[in-house]
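A.B. asks: Following this message is one structure expressed as structure tokens.
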Amino acid sequence: PGAGGDLPFFGSVLRRADCVRRCEEPRIGAASRHRAAEEVRADFQRRVPYSYLQRAYIQLNKLEEAANAAHTFFMANPEHMEIQQDIENYKTTAGKVSLPAHGLVFCLPTLQEDYSAGVRHYDKEEYEMAIEFLERALKGYYTEDEDCQIMCEGPQRFEEHEYLDYKAGLYEAIADHYMQVLACKHDCVRELATRSGRISPIENFLPLHYDYLQFAYYRVGNYVKALECAKSYLLFHPDDEDVLENAGYYEGLLEGAVDPDTIKPRKEAKTLLQRHKLESHLLQVAAAGLGYAYTEPNYWNRYGARQDEHSVPSSISSEPEDGPRLSLAKKPMPKPDRELKEGGPLLYSDVKFVYNSEQLNGTQRVLLDNVISEEQCRELHRVASGIMLAGDGYRGKTSPHTPNERFEGATVLKALKYGYEGRVPLKSARLFYDISEKARRIVESYFMLNSTLYFSYTHLVCRTALSGQQERRNDLSHPIHADNCLLDPEANECWKEPPAYTFRDYSALLYMNADFEGGEFIFTEMDAKTVTASIKPKCGRMISFSSGGENPHGVKAVTKGQRCAVALWFTLDPLYRELERIQADEVIAMLDQEHLGPSEMNINPKDEL
């Protein structure tokens, strides 16, 4: 730090209008807001410095600045559990560091903040508060949509053109420009539905406001508003059977008091949808006339649905028994890119089936026992003690998930290398390779996959409780997450985008021991709080599941002893096969060639290049 506590390394970041100041400024013009938003977006693309900045401010004992830097980083990384814990720590010390009375100054965009708050109150059945926040979010949405439309009127970048080779005539260039403007305006729907630091929008974002509101208004007894919001939602999805039945039910409640035909959808929703449809028509006509391809995105995807069982008001237990009996089912989720099956053969007679997906309260889950024997567990544990390094797989971070445990790991190739060099028994190193292949075959067979399942990553891992750090512990050994997407509990989404390992399709954990305390594997709902299944590890037990947002999971704190397992991730895409596994296959082929001869090679042909 230089004089005055400045941090020269972060000068380029700090010279920007910082997040806190932008939150506290009075309302500014649309152009300035757009520029500020672009600065925020650029800042999020430079998300990593905020993590370092937080640490630097801590060293300077500037806890308020550290807290704001931590939250800025968190907004682009909501799945980062360490930062979440840091923020909680700042909150608990707020009284000691002269933070504002209202808490930390968090710069979540107001629209998304109000929407998320409304959904949280809705989930808690605090319907009056939910209405307040959702109505405020709707007002903010239409204001921001107007601003977005205005900002599209400026110069445009012709992404598909080489500037030096662009030889359009005057009228073609004018048409080109206005089509770019129109496409920009049309995309405001996606822009407003995308959370800061994210690539993917929240599906069905605007209609969801009306969907939540129609039921919330019903629950507080305002049937006129409930019908108004239901009709507004039906503008976007006129064939939604659940909401159609809801609307009919609300009309029945109003019969004799108000003519339901006088209750219309909200004007702003109708106007926006009419404009959106006209924009789409003009873009398609222009694409045909100017000779470029245009595909209309599905901006109002119905699969983005309320994740609750309040599809219809008649589900309330207090309703009379002779009332209409409407569907309680959740809205359909998107169809996966492959048919989901399970219950295939386990291939090995000694492997014992324990629970399937239904018994584990989820989708694409299976629990098996006796995948490996007690002797194999002991031998594998001996190998682990000889080859594991602290922080392996996490750039040397010895406690990557919690400061209360030491993490150690090793890969298959490293085990074989140590075995070949005589640092561990070669037979024991080979065991690691063989049992991981056995697990792969079981997973591929049980889930009845119609294509080859490849290794994406194989890791022998141990988590050891650190003595003296277990009292009043309230964290997890491994925070709740999903394996191929970024879990965002607040938005009830899992974003399948980098830096997530989006190519992973199935996961498995093969446990080696039970002589420790804590360390249960847990599945949760997408809220990362509601536990749907808990599994106590033991030798030979394996849990396997699909890697997406349908299976958020984590590990409870290991409070005593050491917990070891073989962690396996698989992919159906051969382009993302584990490089070290391919190299390990070559080592095994060489060893088999030396000891057994070419006719007896024991290599998995599906993993050959």
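The values are calculated or read from the model by the stated rules, or taken from the named source; none is laboratory data. Owing to the predicted nature of the structure, the values given are computational and were not obtained by experimental measurement. Cβ placement follows ideal geometry from the backbone for every residue including glycine, while neighbour counts extend to all protein chains displayed. The protein model used for the area step is the full one, side chains on, heavy atoms only, and it has no ligands, DNA or RNA in it. Shrake-Rupley method; radii C 1.70, N 1.55, O 1.52, S 1.80 Å.
A.B. asks: Quick one: residue 194 ticks every box in (1) of a type in the set (S, T, N, Q); (2) under 17 Å from residue 115 (Cα atoms); (3) open to solvent by 30 Å² or more (accessible area, probe 1.4 Å) bar one, so which box is it?
C.D. replies: Failed condition: (3).
A.B. asks: Can you pull out every residue in segment 242-259 that is over 29 Å from the mean Cα position of the chain (by Cα), assigned to a helix (DSSP H, G or I) and not polar (S, T, N, Q)?
C.D. replies: Of everything in segment 242-259, those that are over 29 Å from the mean Cα position of the chain (by Cα), assigned to a helix (DSSP H, G or I) and not polar (S, T, N, Q) turn out to be 244, 245, 247, 248, 249, 250, 251, 252, 253, 254.
A.B. asks: Name the residues in segment 459-497 that are within 30 Å of residue 517 (Cβ to Cβ) and within 22 Å of the chain's Cα centre (by Cα), would you?
C.D. replies: Of everything in segment 459-497, those that are within 30 Å of residue 517 (Cβ to Cβ) and within 22 Å of the chain's Cα centre (by Cα) turn out to be 475, 476, 477, 478, 479, 480, 481, 482, 483, 487, 489.
Each row is one residue, and each column tells you yes or no for (1) in contact with a Phe, Trp or Tyr (Cβ under 7 Å, 6 or more places away or on another chain); (2) closer than 29 Å to residue 149 by Cβ; (3) open to solvent by 20 Å² or more (accessible area, probe 1.4 Å); (4) β-branched (Val, Ile, Thr).
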position: 250; (1), (2), (3), (4): yes, no, no, no
position: 264; (1), (2), (3), (4): no, yes, yes, no
position: 276; (1), (2), (3), (4): no, yes, no, no
position: 280; (1), (2), (3), (4): no, yes, no, no
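A.B. asks: If only one of 565, 557 is of a type in the set (A, V, I, L, M), closer than 26 Å to residue 453 by Cβ and either under 28 Å from the mean Cα position of the chain (by Cα) or not assigned by the TED database to the domain that holds residue 407 (or both), which one is it?
C.D. replies: 565
A.B. asks: Moving on to the next point. What strands (runs of 3 or more DSSP E), lying completely within segment 422-507, carry at least 2 residues that are more than 29 Å from residue 384 (Cβ to Cβ) and open to solvent by 20 Å² or more (accessible area, probe 1.4 Å)?
C.D. replies: So the answer is 493-495.
A.B. asks: Of all residues in segment 556-576, how many are touching a strand residue (DSSP E or B) at 6+ places or on another chain (Cβ under 8 Å) and open to solvent by 10 Å² or more (accessible area, probe 1.4 Å)?
C.D. replies: The total comes to 12.
A.B. asks: For the list (1) surrounded by 20 or more Cβ atoms within 10 Å (Cβ to Cβ); (2) out of contact with any Gly (no Cβ under 8 Å at 6 or more places or on another chain), I need the number of the one condition that residue 545 fails.
C.D. replies: (2)
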